[in-house]
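Some notes on the structure that comes next.
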Protein chains: 2
Amino acid sequence: MSSPETDDPTGDIHPEEFRRFGHEVVDWIADYLAGVDRLPVMPDLEPGALRTALPDRAPESPESLEAVLADFREQVVPATTHWNHPSFHAYFANTASGPGILGEMLAAALNANAMVWRTSPSATELEEVVTDWVARMLGLPDDFRGVINDTASSSSLYALAAAREMRLPESWASGLAGAPPGRIYTSEEAHSSIRKAATTLGFGRDGVRAIATDDDFRMRPDALRDALEDDRAAGVRPVAVVATIGTTSTTAVDPVADIAPIAEEAGVWLHVDAAYAGPMAALPEFAAHFRGWERAHSIVVNPHKWLFTPMDCSLLYCRRPDQLRAAFSLTPEYLRTPELASGTNLMDYGVSLGRRFRALKLWFVLRRFGVDGMVSRLREHVRLTRVVQGWVEATPGWEVLAPCPFATLIFRHAPADLDEAALDRHNRALMERVNRSGVAFFSHTEVRGRIGLRFSIGNLRTTEAHLRRTWGALESAAAEG
Amino acid sequence: MSSPETDDPTGDIHPEEFRRFGHEVVDWIADYLAGVDRLPVMPDLEPGALRTALPDRAPESPESLEAVLADFREQVVPATTHWNHPSFHAYFANTASGPGILGEMLAAALNANAMVWRTSPSATELEEVVTDWVARMLGLPDDFRGVINDTASSSSLYALAAAREMRLPESWASGLAGAPPGRIYTSEEAHSSIRKAATTLGFGRDGVRAIATDDDFRMRPDALRDALEDDRAAGVRPVAVVATIGTTSTTAVDPVADIAPIAEEAGVWLHVDAAYAGPMAALPEFAAHFRGWERAHSIVVNPHKWLFTPMDCSLLYCRRPDQLRAAFSLTPEYLRTPELASGTNLMDYGVSLGRRFRALKLWFVLRRFGVDGMVSRLREHVRLTRVVQGWVEATPGWEVLAPCPFATLIFRHAPADLDEAALDRHNRALMERVNRSGVAFFSHTEVRGRIGLRFSIGNLRTTEAHLRRTWGALESAAAEG
């Protein structure tokens with residue numbers, strides 16, 4: 001039944017061939033999830049190794065799925081950095097949880113495309129349902145409406161396009177060429193995607209003004225106010241303020257409650273990037289970090305970061321979905337459907353016309369874990385981070401480099417005999433040593449000119465035992481010099 | 001083992017719970033693929049039906065996967081439009097093939113993120129490998145380099161951002177505000193995504209000039225030349241020409257061989273939108289339609305349209321990847337890695353930082369079917385379309401409305417006693433009748449002011465028997481009045 005030679009060359013593989021290999025793949029995934037922590041987190045190989053090992057052309061004749069799966073196991077997996085590994089601590093550690101993977105399997109089979117309501121009522125409406133669920137879990141006011149995009153980069157781009165529509169309406173028809181220069185204000189610690197969005201939207205690199213931060217890497221409201229006043233006096237049109245709750249470098253929290261009135265007074269759009277830390281709004285003890293975010297025009301929260309949902313899944317909440325639609329809707333005749341008046345056509349809220357059924361995996365995750373389950377898992381990650389922080393603080397020669405409000409710790413090894421330049425080299429080398437060993441995987445960042453290791457905890461399989469092993473590897477690597 | 005009550009509330013579900021429900025899901029998918037043609041293609045329900053049937057909050061306590069899967073089968077599936085149904089003929093019919101679904105299952109479990117090389121060497125390099133494979137299959141010159149995006153809307157946006165970088169380099173720093181107005185030229189039949197890209201990039205709705213088409217809906221090179229000359233005289237900066245091989249409305253083919261020298265003479269970027277028809281370049285008998293596309297700066301081809309790959313998977317080919325990178329690269333410190341000089345960092349070629357392992361499903365599909373298998377399946381879709389075209393042409397009262405170069409037929413029922421306005425209403429009503437019946441699913445388009453039905457064949461399960469049944473449903477619906 002599975003021999004490619006005997007297949008009908010005009011159709012799909014036989015459903016029984018899918019069933020046989022589907023079961024094999026499920027067993028592989030179950031074993032992988034059970035044993036991923038025995039694999040090196042990052043492979044120790046040189047760029048090009050996989051590429052040169054593979055043929056440079058697709059096969060002319062069909063190959064068997066046995067052969068494809070064997071190559072997957074023997075060539076692809078050993079060249080993979082395992083984001084689902086409990087000792088993956090780089091960037092923002094995340095999890096493709098079991099329920100999320102099941103949701104993705106079904107989404108791939110349905111292959112639904114939620115561009116307009118009728119192309120998939122279930123994908124459209126489940127997207128409305130789960131974004132509402134998350135909004136309620138996070139305590140957002142009812143007037144926020146969510147859509148699901150691939151990444152926070154896209155979500156922030158779309159929010160800022162809506163801001164442009166609000167603040168430079170003259171550009172709707174004739175573009176930015178005749179309009180005053182527009183500008184977006186965000187902290188010097190903000191994510192690079194804001195600058196990428198500004199250039200994509202036609203504001204250029206000067207279209208972002210980086211606002212100074214305080215000692216804790218939080219945007220300074222007084223500096224924001226000064227920048228807005230300066231620019232207005234200079235003929236620049238302020239378009240949007242982007243505040244971050246959980247910056248990428250140190251997870252700093254901008255004081256949104258102080259920023260919101262300044263943005264309101266200036267009449268600009270306020271976008272809150274909570275792509276990483278957003279889920280923490282479900283924990284009452286973290287409420288202070290989210291004060292004021294309910295005054296934003298738009299908020300981005302990524303379930304693929306810290307809500308245990310496989311890549312990709314980014315929620316963009318907007319109080320003025322009409323403004324988002326104004327920026328993107330241009331329905332041509334072949335996409336006009338009778339439900340226009342009543343159903344939601346999600347393609348009108350962003351660039352992408354084709355839209356996967358991303359709501360399904362998030363629905364599986366939210367139901368299988370429940371709000372209480374999500375909250376206790378998030379709380380555990382914060383607890384584990386405090387454990388590591390305790391080790392760093394208690395061990396001579398190590399130091400924490402930034403406040404740690406959530407579950408991402410920035411620290412370094414700082415032996416007394418090295419100057420700052422040598423410390424940077426030392427910490428880069430120590431990170432590379434651990435990464436190459438495969439025991440754990442870190443990324444780094446620059447904190448006020450100093451190189452720090454970023455230790456992010458967000459994987460559901462991470463235990464204290466894993467962390468002790470990783471801490472041991474760090475201490476050994478540091479001792480090596 | 002699968003009772004949520006007994007779970008560790010800090011971790012993922014147990015791998016054995018994943019295994020048990022994974023097998024159940026695989027069996028469901030195999031049965032679904034075997035029997036999807038017994039389901040209504042589009043559900044007959046009103047907007048809001050699913051939404052109001054579901055709770056308005058996520059559950060506080062965990063639910064069992066039994067319950068979630070039961071609701072999936074009983075509530076989600078009946079509210080789904082089945083893109084994987086052999087009688088789905090709307091938009092561009094496609095297939096999530098068995099090998100593609102297996103690839104997606106594994107991609108979800110690995111959860112690799114190909115933003116920079118080290119975050120997933122396998123995802124990065126397999127993306128280079130499979131985009132090369134498709135380029136060779138389609139006969140593209142070796143200097144085209146591919147990246148995988150979610151959709152053609154994104155691919156065209158990125159290509160046009162690179163065009164802006166080439167043609168308005170002064171906007172790099174200061175944005176479009178001080179620059180001359182830029183303009184993009186594309187046929188009046190081009191996809192709406194080009195207009196969306198132009199507005200997103202800051203060129204406004206006037207930033208696209210629609211070029212007249214000939215009787216066969218192909219861009220008129222003389223009209224393009226005139227438009228470029230007019231605009232230059234008026235101080236507009238021509239940025240890009242977008243030619244389409246397979247327009248969305250009628251799948252018309254712009255004469256790229258005649259357009260390329262005009263674009264070259266004007267010094268503008270030439271982008272070819274072959275999102276739908278691109279795979280046909282693998283068939284020698286269709287070579288004439290692709291003449292000149294090798295002279296483009298960029299080309300988009302979507303395997304999720306007509307290469308049997310689950311959503312989403314759009315290939316953007318570029319001869320000047322450096323120009324694409326110039327438009328999007330702004331690597332911050334926390335994403336700088338030692339491989340910068342040697343490995344590819346795919347995040348630098350578009351908006352999205354997070355990037356799913358989309359290459360894996362395409363690799364499964366290309367290997368399991370082989371080039372010969374892909375070609376014979378594409379050829380079969382063209383053959384089936386000719387069969388339907390024969391029925392339309394042989395049946396009194398029906399007429400074909402546009403040339404049909406590939407596998408999407410535009411036609412209508414045109415009884416002699418109705419005027420044009422009545423014919424439009426009649427064909428809209430007849431389409432709604434068939435769609436509501438669940439037997440088949442069509443979309444429509446407007447062709448020179450007339451409403452036509454779009455009958456697209458692209459699903460691997462579509463047989464002549466399915467088509468005969470659908471044709472019968474169309475004839476009955478037409479006879480109803």
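Structure summary
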read-out	value
Point-to-point label distance, A:E66-A:D8, nm (Cα→Cβ direction, 7 Å offset)	2.4 nm
Nearby lysines by direct alpha-carbon distance to B:K361 (threshold 27 angstrom, same-chain neighbours under 8 apart not counted)	A:K305, A:K361, B:K305
Cut-off 15 Å (backbone N to label point 7 Å along Cα→Cβ of B:Q389), residues of the stretch B:281-313	B:285-289
Whole-Hz ³J(HN,Hα) from phi, Karplus 6.51 cos²θ - 1.76 cosθ + 1.60, for the stretch B:407-413, glycine and proline x	9, 10, 9, 10, 8, 8, 8
Note, ³J(HN,Hα) from phi for the stretch B:260-270, Karplus 6.51, -1.76, 1.60, rounded to Hz, x at Gly and Pro	4, x, 5, 5, 5, 4, 7, x, 9, 6, 10
Estimated FRET transfer efficiency when R0 is 41 angstrom, pair B:D222-A:Q75 (beta carbons, to 0.05)	0.20
The stretch B:271-333 - accessible surface per residue (Å², probe 1.4 Å)	24 Å²
Cα extents of the stretch A:187-271 along the three principal axes, largest first (Å)	33, 27, 18
Axis-nearest residue of A (beta carbon) for the A-onto-B rotation, whole Å	A:G202, 1
Teacher prompt: A:R428 distances to equivalent labels in other copies, 7 Å Cα→Cβ, nm	6.4
Helix-derived mean residue ellipticity, 222 nm - over the protein assembly as shown, DSSP H n ≥ 4, -39500 (n - 2.57), to 500	-13000 deg cm²/dmol
Volume in Å³ per residue [convex hull over Cα atoms, computed for the stretch B:367-479]	105 Å³
Lys, Arg +1 and Asp, Glu -1 on Cβ, resulting dipole of the protein assembly as shown about Cα centre, debye, nearest 20	740 debye
5 Å-binned pair-distance histogram of the stretch A:5-96 (Cα, whole percent)	2, 10, 17, 19, 16, 16, 11, 6, 2, 0
By average C-beta atoms within 10 angstrom, highest first, the peptides B:402-413, B:304-315, A:59-70, B:191-202	B:304-315, B:191-202, B:402-413, A:59-70
Mean Cβ count within 10 Å, highest first, over the residues of peptides B:367-377, B:426-436, A:451-461	A:451-461, B:367-377, B:426-436
Using a Förster distance of 45 Å, the FRET efficiency for A:R136-B:D27 (Cβ separation, nearest 0.05)	0.85
Nonlocal amide H pairs with A:F357, under 5 Å, H built at 1.01 Å	A:A112
Distance from the stretch A:83-142 to the stretch A:275-332 (C-alpha centre basis), Å	13 Å
Net charge over other residues, Cβ less than 10 angstrom from the Cβ of B:E128 (K, R count +1; D, E count -1)	-1
Furthest towards positive pole of dipole, A:L33, A:S171, B:S193, structure part the protein assembly as shown, Cβ charges	A:S171
Within chain A: Cβ-based charge dipole about Cα centre, in debye rounded to nearest 20 (Lys, Arg +1; Asp, Glu -1)	800 debye
At 7 Å out from Cα toward Cβ: A:E264 inter-copy label distances (nm, ascending)	6.0
Förster radius 22 Å - calculated FRET efficiency between B:A34 and B:A288, Cβ distance, rounded to 0.05	0.05
Alpha-carbon centroid distance for the pair the stretch B:146-194 / the stretch B:196-255, whole angstrom	13 Å
Amide H contacts under 5 Å for A:R183, placed H, 5+ residues apart	A:R237, A:V239, A:A240
Top positive-direction residue, dipole computed over the protein assembly as shown with Cβ charges, set A:Y158, B:M219, A:G103	B:M219
For the stretch B:113-356, size of Cβ-based charge dipole, Lys and Arg +1, Asp and Glu -1, in debye	580 debye
The stretch A:49-152: equivalent-ellipsoid semi-axes (sqrt of 5 x gyration tensor eigenvalues, Cα, Å)	36, 21, 12
For the stretch A:91-234, projected area of the alpha-carbon convex hull averaged over all directions, nm²	12.3 nm²
Net charge over other residues, Cβ less than 10 angstrom from the Cβ of A:T244 (K, R count +1; D, E count -1)	-2
Cβ-defined net charge surrounding A:E464, 14 Å radius [Lys, Arg +1; Asp, Glu -1]	+2
Over 46 Å [Cα-Cα, the protein assembly as shown], rounded percent	23 percent
Taking the convex hull of Cα positions in the stretch B:113-356, its mean projected area over all directions (nm²)	13.0 nm²
Furthest towards positive pole of dipole, B:T462, B:H14, B:A233, structure part chain B, Cβ charges	B:A233
If the convex hull is drawn through the Cα atoms of chain B, its volume per residue in Å³	177 Å³
From phi via Karplus (6.51, -1.76, 1.60), per-residue ³J(HN,Hα) for the stretch A:169-175 in Hz, x at Gly/Pro	x, 5, 7, 3, 8, 9, x
Amide H partners (placed H, <5 Å) of A:R454, local residues excluded	A:S443, A:H444, A:T445
For A:D222, inter-copy label distances in nm, listed shortest first [label point 7 Å out on the Cα-Cβ vector]	7.0
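The values are calculated or read from the model by the stated rules, or taken from the named source; none is laboratory data. Predicted model, so just to flag it, every value in this text is computed and none were measured. So basically every Cβ, Gly included, is an ideal-geometry build from the backbone, and we count neighbours across all protein chains shown. Side chains are part of the model used for accessible areas, which takes the heavy atoms of the whole protein and leaves out ligands, DNA and RNA. Shrake-Rupley method; radii C 1.70, N 1.55, O 1.52, S 1.80 Å.
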